[in-house]
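Heads up: the structure comes next, in structure tokens.
The values are calculated or read from the model by the stated rules, or taken from the named source; none is laboratory data. Bear in mind the structure is a predicted one, so any value in this text is a computation, not a measurement. Glycine also receives a Cβ, built like all others from the backbone with ideal geometry; neighbour counts cover every protein chain displayed. For the accessible areas, the whole protein counts, side chains as well, though only heavy atoms, and no ligand, DNA or RNA atoms are used. Shrake-Rupley method; radii C 1.70, N 1.55, O 1.52, S 1.80 Å.
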Amino acid sequence: MQGRRETTEGEAEPAGPPLMLRAAPLLVLAAGLVLAYGLGWHRYVTLGWLADQREMLLDMVAHYPLRSGSLFFLVYAAVVALSVPAASVLTIFAGFLFGWLAGGVIVVIAATAGSCLLFAGARTVFGDVLRRRAGPFLNRFSAGFSRNAFSYLLVLRLAPVFPFFVVNIAPAFFAVSLRTFALATVVGIIPGTFVFTWLGCGFEEAIGDAAGHGRTLHLSDFLTPKLTLAFMALALIAALPLLVQFAREKRQTVGDRDKD
């Protein structure tokens, strides 16, 4: 019968919403990304543009702190939800405009909100696809990921080798709840966020140093090998519970095999 499907036991159950309806949130985000790039809005979230406009922006924050903070929040959440690669730049500038503490709080909340929007849209579209087409290996991996979702996500958030938008979308392929995703995002981005907002407090010095060497300011001016190693160490610490559990399960599997 149309509009219904058979379960494994032969019982009919209501079919889910049409694919186009489920894909609507993700399509809206994709359309927003195309529109943003088409209108050139991405140029307004670069270090160069922000550095040129810093006096005007600082004056705006001084006169309208609440409005400025709210607008920055909306822009940051939209940038994350649309997967525009500018989160690190905006995090640094949040520290410059609002201070490392207030700027960090704004960024954590905005980044979590934008990430959850993207994750929810991707999960609606991709979740059923994986469940229908995943093979035995992916099913086992999905079960393990779902069982330790918070730990896995925490490692992905802390490790600097994974792009932010990839970590927002990847969990959508597995049975990860929105609550777990949001909690792991908040906890996982706090260290990096406050480090970057703290770096933003030295934005003027970085501009002066770059100008003194006759070059434009780049994000790499704020990223040092020591900072990268610090994030890798945090990710390794977060991964320890997973490694211990894996070792225990491996030992138990070997023990069961020896008994047989």
**Asked** Scanning for something out of contact with any Cys (no Cβ under 7 Å at 6 or more places or on another chain), open to solvent by less than 50 Å² (accessible area, probe 1.4 Å) and at pLDDT 80 or above, does segment 138-152 turn up at least one residue?
**Response** yes
**Request:** Could you tell me whether Leu47 is open to solvent by 60 Å² or more (accessible area, probe 1.4 Å) and under 21 Å from the mean Cα position of the chain (by Cα)?
**Result:** no
**Request:** Among the residues of segment 198-209, write down those that are closer than 10 Å to Phe93 by Cα, part of a helix (DSSP H, G or I) and of a type outside the set (Phe, Trp, Tyr).
**Result:** Leu199, Gly200
**Item:** Every residue from segment 159-197 that is part of a loop (DSSP other than H, G, I, E, B), open to solvent by 40 Å² or more (accessible area, probe 1.4 Å) and within 19 Å of Leu236 (Cα to Cα)
**Value:** Pro160, Val161, Phe162, Pro163
